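Chemist: The following block contains the structure, expressed as structure tokens.
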Amino acid sequence: PLSPGELAKCAEEIIDAGASIIHLHVRDEQGVHSLNVDRYRAAIAAIRDAVGDKIIIQATSEAVGRYSRQEQVAMVRELKPEAVSLALRELCPGEDEVGEMADFAKWMTQENIFPQYILYDETDYQHFDDYRRRGIFDNDRPFTLFVLGSYRNDTPEKDVAQLKQRTRQAAFPWAVCGFGINEADAVIHAAQNGGHIRVGFENNIWRKEGEPLLNNAEMIKFCADTATAENRPIATAGDIRNLFS
């Protein structure tokens with residue numbers, strides 16, 4: 001889905017399949033990732049008109065080679081989304097940026113914005129846990145996303161295994177995402193180890209058998225079915241708001 005109308009239809013479909021959060025990208029006229037606040041507002045309005053508050057809308061602040069950390073922060077401060085995903089390595093690449101990160105995290109708490117911090121590798125995890133222990137996130141148990149693999153499918157298996165082990169040790173709520181047909185493995189790992197899961201056409205368009213998925217909702221249903229098989233309840237948006245408030 002690209003347009004506000006398509007995103008709203010997708011939101012309806014994924015809620016019916018069991019989703020509680022929609023990870024939202026908006027794009028410019030060329031179909032390229034954008035941080036334009038007006039585009040975000042149009043997409044958010046369309047989704048809210050379609051489904052009300054039955055889903056949490058998580059805005060995306062990723063650089064994708066186009067945007068600086070200052071531009072990402074500026075978008076969040078202007079938009080004030082209900083939730084936002086933040087690549088830790090982009091917003092706080094080193095000790096010099098820790099003070100700004102702490103101020104931004106405190107502001108998000110004051111504005112009731114629900115952040116999720118993206119961790120791509122062991123270095124990201126080490127920085128994250130150091131900052132968490134130091135109180136940089138204004139929260140002892142911030143929500144994270146462990147990225148298992150990459151678009152290029154060239155991440156060493158030992159690196160993926162190490163991040164999986166970090167999830168088992170985590171003293172904070174976490175989710176994972178995978179890529180291509182390996183996305184199903186990420187779903188199963190989360191269901192069996194007390195985690196949450198992000199899936200979608202951003203990362204994968206294939207069933208595990210190698211056939212194309214019909215839509216995003218089909219993979220959400222796989223998540224819900226996998227969780228149910230592990231006796232894990234399916235969270236609603238209300239559950240998530242209560243859990244992370």
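The values are calculated or read from the model by the stated rules, or taken from the named source; none is laboratory data. Please read all numbers here as calculations on a predicted model, not as lab measurements. Virtual Cβ from ideal backbone geometry, glycine too; neighbours counted across all protein chains shown.
Chemist: Is there any pair linking a residue in segment 209-222 that is farther than 14 Å from ASN182 by Cβ and in a helix (DSSP H, G or I) to one that is modelled with pLDDT of 95 or more and among the small types (Gly, Ala, Ser), with Cβ under 6 Å and at least six apart or on different chains, and which?
Modeler: Correct list of pairs: ASN216/GLY200; ALA217/ALA17; ILE220/ALA17; ILE220/GLY18; ILE220/ALA19; LYS221/ALA17.
Chemist: Given the residues VAL98, VAL76, which is the only one that is of a type in the set (Val, Ile, Thr) and within 23 Å of ALA43 (Cβ to Cβ)?
Modeler: Working: VAL98 fails: within 23 Å of ALA43 (Cβ to Cβ).
Result of the check over VAL98, VAL76: VAL76.
Chemist: Within 24 Å of GLN169 (Cα to Cα), of a type outside the set (S, T, N, Q) and surrounded by 13 or more Cβ atoms within 10 Å (Cβ to Cβ): which single residue out of TYR125, TYR67 fits that description?
Modeler: Values: TYR67 fails: within 24 Å of GLN169 (Cα to Cα).
Step by step, each of TYR125, TYR67 is checked, and only TYR125 is within 24 Å of GLN169 (Cα to Cα), of a type outside the set (S, T, N, Q) and surrounded by 13 or more Cβ atoms within 10 Å (Cβ to Cβ).
Chemist: State whether the residues of segment 103-113 include one that is basic (Lys, Arg) and closer than 24 Å to PHE222 by Cα.
Modeler: In the first step, residues of segment 103-113 are kept if they are basic (Lys, Arg); the result is 106.
Pick out the ones that are also closer than 24 Å to PHE222 by Cα and you get none.
Checked segment 103-113: no residue is basic (Lys, Arg) and closer than 24 Å to PHE222 by Cα.
Chemist: A follow-up question, please. Determine whether segment 147-158 contains at least one residue that is modelled with pLDDT of 95 or more, within 27 Å of PHE114 (Cα to Cα) and not small (Gly, Ala, Ser). Full working, then the answer.
Modeler: So in segment 147-158, the residues modelled with pLDDT of 95 or more come out as 147-148.
Checking which are within 27 Å of PHE114 (Cα to Cα) leaves us with 147-148.
This time we only want the ones that are not small (Gly, Ala, Ser), so: 147-148.
Within segment 147-158 (the criterion being modelled with pLDDT of 95 or more, within 27 Å of PHE114 (Cα to Cα) and not small (Gly, Ala, Ser)), the answer is yes, since at least one residue qualifies.
Chemist: So the check is Cβ under 8 Å with 6+ separation or different chains; which pairs have a first residue in segment 171-196 that's in contact (Cβ under 8 Å) with a residue 12 or more places away in the chain and a second one that's among the acidic types (Asp, Glu)?
Modeler: PHE172/ASP140; CYS177/GLU183; GLY178/ASP185; ALA191/GLU230; GLN192/GLU230
Chemist: Which number in (1) over 23 Å from GLU62 (Cβ atoms); (2) buried (at least 19 other Cβ atoms within 10 Å of the Cβ) marks the one condition that ASP225 misses?
Modeler: Failed condition: (2).
Chemist: Filter segment 1-27 down to the residues that are assigned to a loop (DSSP other than H, G, I, E, B) and either touching a helix residue (DSSP H, G or I) at 6+ places or on another chain (Cβ under 7 Å) or more than 19 Å from SER85 (Cβ to Cβ) (or both) and list them by number.
Modeler: Step one: filter segment 1-27 for residues assigned to a loop (DSSP other than H, G, I, E, B), giving 1-3, 18-20, 25.
Correct list: PRO1, SER3, GLY18, ALA19, SER20.
Chemist: Scan segment 141-150 and give yes if some residue there is out of contact with any helix residue (DSSP H, G or I) (no Cβ under 7 Å at 6 or more places or on another chain), aliphatic (A, V, I, L, M), part of a helix (DSSP H, G or I) and buried (at least 16 other Cβ atoms within 10 Å of the Cβ), otherwise no.
Modeler: No: zero hits.
Chemist: Which of (1) part of a loop (DSSP other than H, G, I, E, B); (2) in contact with an Asp or Glu (Cβ under 6 Å, 6 or more places away or on another chain); (3) over 30 Å from LYS221 (Cβ atoms) is the odd one out, the single condition ASN204 does not satisfy?
Modeler: With (1) part of a loop (DSSP other than H, G, I, E, B); (2) in contact with an Asp or Glu (Cβ under 6 Å, 6 or more places away or on another chain); (3) over 30 Å from LYS221 (Cβ atoms) applied to ASN204, the lone miss is (3).
Chemist: Let me ask another. Give just the number: which of (1) within 27 Å of PHE244 (Cβ to Cβ); (2) touching a Phe, Trp or Tyr at 6+ places or on another chain (Cβ under 7 Å); (3) aromatic (Phe, Trp, Tyr) does PHE172 not satisfy?
Modeler: (2)
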